[in-house]
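One structure is given here, and the rest of the page talks about it.
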Amino acid sequence: MWLLTEEGKREGAYAIKDIAGEKVLILFEQEDDAERYVMHLEDTDKAVMEVVEVDEEVAIKACEMYNYKYSIITSNDFVIPPKQDDTV
């Protein structure tokens with residue numbers, strides 16, 4: 001499983017806001033999909049991000065323990081970063 005963090009930082013992870021304004025952590029099943037998402041972020045002039053591998057079970061348990069929303073992006077999903085003024 002893969003997630004995004006700011007380049008050079010190992011704490012914190014990239015998340016988007018849902019329609020209610022709550023943060024949702026994005027977890028990718030495939031590294032290539034995470035890398036493509038980073039390329040889209042770079043095109044929108046957001047912070048420089050890097051892809052980090054995490055243990056799926058640990059990531060999900062941490063989200064559930066802290067009541068943090070998450071979304072698992074499979075190889076069948078197509079996602080692009082929302083514009084800064086968009087909600088998803």
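The values are calculated or read from the model by the stated rules, or taken from the named source; none is laboratory data. As the structure is a computational prediction, the values presented were derived from the model and not from experiment. Note that each Cβ is placed from the backbone with ideal geometry, even for glycine, and that neighbours are counted across all protein chains shown. Keep in mind that these areas ignore ligands, DNA and RNA; they rest on the heavy atoms of the full protein, side chains included. Shrake-Rupley method; radii C 1.70, N 1.55, O 1.52, S 1.80 Å.
Set side by side, the residues GLU7, GLU29, GLU22, GLU56 differ, and just one is open to solvent by 50 Å² or more (accessible area, probe 1.4 Å), under 19 Å from PRO82 (Cα atoms) and touching a residue at least 40 places away in the same chain (Cβ under 8 Å), which is GLU22.
Answer yes or no as to whether LYS17 is in contact with a Phe, Trp or Tyr (Cβ under 8 Å, 6 or more places away or on another chain), under 16 Å from LYS83 (Cα atoms) and surrounded by fewer than 16 Cβ atoms within 10 Å (Cβ to Cβ).
no
In the stretch 38-53, the qualifying residues are those that are of a type in the set (Asp, Glu) and modelled with pLDDT of 90 or more, and the one that is surrounded by the fewest Cβ atoms within 10 Å (Cβ to Cβ) is GLU53. If you go through the stretch 31-50 and pick out every residue that is in contact with an Asp or Glu (Cβ under 6 Å, 6 or more places away or on another chain) and of a type in the set (Val, Ile, Thr), you end up with 1. A Cβ distance below 6 Å, combined with a sequence gap of six or more or placement on separate chains, defines the contacts here; from the stretch 71-88, residues that are in a loop (DSSP other than H, G, I, E, B) reach residues that are modelled with pLDDT under 70 in the pairs PRO82/VAL88. Yes or no: GLU35 acidic (Asp, Glu) and loosely packed, with under 11 Cβ neighbours inside 10 Å? Considered against the rule, which asks whether it is acidic (Asp, Glu) and loosely packed, with under 11 Cβ neighbours inside 10 Å, GLU35 comes out as no.
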